[in-house]
Amino acid sequence: MKFIEQIAPVIVKEAKKRGYKFPSAIIAQACLESNYGKSSLASNYFNYFGMKCGSYWKGKSVNMWTKEEFKPGTITTIKDNFRVYDNMEAGVRGYFDFIATERYKNLKEASSPRDYLAKIKADGYATAATYVDAVMSVISNYNLTQYDTTKNVSRETSKRKSTHEIALEVIQGEWGNGQQRKDRLTKAGYNYDIIQKEVNQILERWTV
């Protein structure tokens, strides 16, 4: 994928320089948060990670609508100020500056891409209940562990597709529509309501 080919070397270079072992997790975050570089926040403002301004940001900003899941299962639409960067390199450096604070100091201790994502979610980076699994699906789909700097990376594989993977297939029309979709998903052993919720969350993230 062109977006991954563009951003992966930038992330790998910065991760190596700053001492992070699992750029795969960060590349996948950029893919998920920016809809593979297509969201308006990414394409217009080079913010690939949905980073808000916070109280100490002194750079340029833009006010945009966003979706948050402060309470599990409840999506809230709010307007917030997001950081603006001048180019891809600056946007990637901005992410590493963002996680260089005391709040995220445990990320360098991560033992795997999943551990990195679990830590960053617990630190408060993301509110979506399915965030870790969704990002892990991107890592799996595009074999992003090839970019990691450790030989002890756990390559998590499973014959059964994740909720996020099935949701992406639903969006692409591979499971039909209406009752047909529900019947096919149920027959395949998937929870229709959970899949549909993930579909809605993906589509909401893509509008940012």
- Query: With the dipole of the chain worked out from charges on the C-beta (+1 for Lys and Arg, -1 for Asp and Glu) around the Cα centre, which of Asn106, Gly91, Ser61 lies farthest toward the positive end?
  - Reply: Asn106
- Of the options Tyr116, Ala42, Ile4, report the single residue whose Cα projects farthest towards the positive end of the charge dipole of the chain (beta-carbon charges: Lys, Arg +1; Asp, Glu -1). Tyr116
- Message: Can you give me the convex hull volume of the Cα atoms of region 166-208, divided per residue and expressed in Å³?
- Response: 58
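Taking 0.36 nm per intervening residue step and subtracting the Cα-Cα distance, what contour gain separates Asp193 from Lys13 on full extension?
60.7 nm
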- Using alpha-carbon positions, the gyration tensor of region 76-143 gives root eigenvalues a ≥ b ≥ c; with a/c under 1.5 called rounded, otherwise prolate if a/b exceeds b/c, else oblate, the class is rounded
- Pairwise label distance in nanometres, Val62 with Lys121, each label 7 Å out on the Cα-Cβ vector: 2.8
- Message: As a test of the formula, what do you get for the chain when each DSSP H run with n ≥ 4 contributes -39,500 (n - 2.57) and the sum is divided by the residue count, at 222 nm and rounded to the nearest 500 deg cm²/dmol?
- Response: -15000 deg cm²/dmol
- Summed residue charge, Cβ within 13 Å of Val10's Cβ, Lys/Arg positive, Asp/Glu negative: +2
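Just want to confirm a number: the relative contact order over the chain, from Cα pairs under 8 angstrom separated by 6+ residues, in percent.
Reported as a whole number, the value is 25 percent.
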- What spacing in nm lies between the two simple spin-label points modelled at Asp183 and Lys2, each 7 Å away from Cα in the Cβ direction? 4.0
- Message: Given bins 5 angstrom wide, list per bin the percent of all Cα-Cα distances in the chain, short to long.
- Response: 1, 7, 15, 19, 20, 17, 11, 6, 3, 1, 0
- From the cross-link list Lys105/Lys161; Lys60/Lys119; Lys2/Lys161, the entries with a Cα-Cα span beyond 26 Å are Lys105/Lys161; Lys60/Lys119
- Among all stretches of the chain without exposed trypsin sites (Lys or Arg not before Pro) (DSSP loop, at most 16 other Cβ atoms within 10 Å), which one is longest? 61-150
- Average accessible area per residue (Å²) across region 76-117 - probe 1.4 Å, nucleic acids and ligands excluded: 47
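The values are calculated or read from the model by the stated rules, or taken from the named source; none is laboratory data. Just so it is clear, the structure is predicted and the values come from calculations on it, not from any experiment. Glycine gets a Cβ as well: all are built from the backbone with ideal geometry, and neighbour counts include every protein chain shown. Just so you know, the surface numbers come from the protein's heavy atoms only, side chains and all, with ligands and any DNA or RNA stripped out. Shrake-Rupley method; radii C 1.70, N 1.55, O 1.52, S 1.80 Å.
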